[in-house]
Amino acid sequence: MQAGQDARKNIAAPFVLVLPDGAIAGYYTLSATAVDIGEWPAQTIRKLPRYPLIPATLLGRLAVDRRYRGQGHGRYLLADALSRCVRSEIASFAVIVDAKGEDARRFYQRESFLPFPDQPMKLFRPMADIAELFK
Ligand SMILES: CC(C)(COP(=O)(O)OP(=O)(O)OC[C@H]1O[C@@H](n2cnc3c(N)ncnc32)[C@H](O)[C@@H]1OP(=O)(O)O)[C@@H](O)C(=O)NCCC(=O)NCCS
């Protein structure tokens, strides 16, 4: 499994949702990333220092097994991921996702993720905004 190889090589940390009966309902990965200063919406980076790269956290591969979709597991996995990001001691300006299709894009937009200009499938949610969720 790609996620297992990525984990062994310290490329991405996988987190798996295991149901009480042992079934794997879904999973996601987290990795460090950075986004070129020129990619962010001007409004978002107005008050940031002009470093060429802005640190962020990549939420990858979030998926729920088809059999278990529509039962709140996707939202639970996303909340679990965001809470880990907020608790991290490593600074990160935002959580980034690369939506793999229109459904995924809608899912994230409903969860307050915003698209990057000219990259509608790449979305972000500022960490300051996420931190408010867990206060
Ligand atoms: C997107 C995905 C993770 C959602 O998981 P899920 O367990 O079905 O979602 P939930 O049951 O937690 O739904 C959470 C909310 O998102 C909404 N939602 C779920 N799938 C959606 C979709 N495809 N489009 C729009 N909204 C969606 C639900 O209606 C729900 O909102 P509500 O409570 O107001 O009704 C799942 O459909 C999936 O694995 N898709 C394939 C992989 C994928 O697209 N991953 C995204 C990363 S690229």
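The values are calculated or read from the model by the stated rules, or taken from the named source; none is laboratory data. Remember, predicted model here, so these are calculated numbers, not experimental data. Note that each Cβ is placed from the backbone with ideal geometry, even for glycine, and that neighbours are counted across all protein chains shown.
Identify all residues within region 84-102 that are assigned to a loop (DSSP other than H, G, I, E, B) and either surrounded by fewer than 12 Cβ atoms within 10 Å (Cβ to Cβ) or within 12 Å of the ligand (Cβ to nearest atom) (or both); write none if there are none. Once the filter is applied, which keeps residues that are assigned to a loop (DSSP other than H, G, I, E, B) and either surrounded by fewer than 12 Cβ atoms within 10 Å (Cβ to Cβ) or within 12 Å of the ligand (Cβ to nearest atom) (or both), region 84-102 yields GLU89, ILE90, ALA91, ALA99, LYS100, GLY101.
Pairing each residue of region 110-134 that is farther than 20 Å from ASP80 by Cα and free of Cβ contacts under 8 Å to residues at least 12 places away in the same chain with any residue that is basic (Lys, Arg) and surrounded by 12 or more Cβ atoms within 10 Å (Cβ to Cβ), provided the two are 6+ apart or on different chains, yields C-beta distances under 8 Å for PRO115/ARG105; PRO115/LYS122.
Of all the listed residues (ARG61, ARG105, ARG67, ARG75), the sole one being on the phi > 0 side of the Ramachandran plot and outside any loop (DSSP other than H, G, I, E, B) is ARG61. Can you tell me which residues in region 44-101 are at pLDDT 95 or above and β-branched (Val, Ile, Thr)? Across region 44-101, the qualifying residues are ILE54, THR57, VAL64, VAL86, ILE90, VAL95, ILE96, VAL97.
The single condition among (1) over 15 Å from the mean Cα position of the chain (by Cα); (2) in contact (Cβ under 8 Å) with a residue 40 or more places away in the chain that TYR51 does not satisfy is (2).
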